[in-house]
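The values are calculated or read from the model by the stated rules, or taken from the named source; none is laboratory data. In this text, all values refer to a predicted model and were calculated from it rather than measured experimentally. Cβ coordinates were reconstructed from backbone atoms using ideal geometry, including for glycine residues, and neighbour counts include every protein chain displayed.
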Amino acid sequence: MKQNKINSETILKLINKDIKINNIHIFDEIDSTNEYAKKIDIINDHYDIIISDCQTNGKGRLGRSFYSPSETGLYMSIAFLINPNTFNFVNITSIVSVAVTMAIEKLTNLHIGIKWVNDLYYKDLKIAGILVEGMTNIKDYSTSKIIVGIGINLTTNNFPSNIIDVAGSLNCDVSRNMLISYIINYFDYFYKKSPKEYLNIYKSHSIVIDKNIAFYDNGVIHYGKAVDINNYGELVVLETSGKITILRTGEISIIVKK
Ligand code: BTN
């Protein structure tokens, strides 16, 4: 299945008119859209969007790589400035998860699950990953550049052997231009709303609540049950020891009974 070509005019036409876009940077090939976003200057109250047909060094969380072959996926970064004193970094990861979930569901009618903190699943396989990075202005600490990296497997198959059991694709013919603009529209919408609005959607799509999970803390493995996502987007875990632990960020594994 061949995906349509990424085109900035088509994307701009579909983006809500009150959203300020400084530039849409489109590449056929790049090392990583997040790395490119780190090098450009960003204007206050504007988004810069970086999109590439493929990535030669796509980055995932925890130093992993993100498989980014040509034509079959969507690889984009949204870069903008925030005031770190008034906006919580953790909230951004929940907002992006919700924005990407809503955009996919609107355009495909598929049901997407969110695995805390920001992996998206379809039919028990990971179909999208999100990497949020922040760079604080060390001169005055009043602005941080935020880079939201989003990778979605649309029709990607033939995954590398290390992810073959966990990675999947939406396997549907969705327009990349529409998906990009819907993601930006939803992201901007929820970014300007109270956390209650997006956390309700986040929780209703969560695939971890009530599941047995494991997580590492300082190299030590902990087991427990994910019982809730609180008003800050943090995961509330009832450990097997009886202790309640709040995870702000990080990675968990869902324990599947065989
Ligand atoms: C993860 O699954 O751990 C996060 C994956 C994030 C991948 C996207 S693709 C676009 C952007 N550029 C990158 O190098 N990474 C992100």
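See the values below:
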item	result
Candidates Asn212, Asn200 - the one that is surrounded by fewer than 16 Cβ atoms within 10 Å (Cβ to Cβ), more than 22 Å from Gly63 (Cα to Cα) and free of Cβ contacts under 8 Å to residues at least 40 places away in the same chain	Asn200
Single residue of the range 63-81 satisfying the filter (away from the ligand (no atom under 11 Å from the Cβ) and closer than 23 Å to Val166 by Cα) that is surrounded by the most Cβ atoms within 10 Å (Cβ to Cβ)	Thr72
Selection from the range 82-101 of residues that are modelled with pLDDT of 95 or more and either surrounded by fewer than 21 Cβ atoms within 10 Å (Cβ to Cβ) or within 15 Å of the ligand (Cβ to nearest atom) (or both)	Val96, Ser97, Ala99, Val100, Thr101
Residue within the range 170-178 that is among the hydroxyl-bearing types (Ser, Thr, Tyr), at pLDDT 95 or above and either assigned to a loop (DSSP other than H, G, I, E, B) or farther than 28 Å from Asp210 by Cβ (or both) present	yes
Of all residues in the range 224-240 being modelled with pLDDT under 95 and surrounded by fewer than 16 Cβ atoms within 10 Å (Cβ to Cβ), the one that is nearest to Arg64 (Cα to Cα)	Tyr232
Selection count where residues are more than 12 Å from the ligand (Cβ to nearest atom) and surrounded by 18 or more Cβ atoms within 10 Å (Cβ to Cβ), scope the range 27-52	3
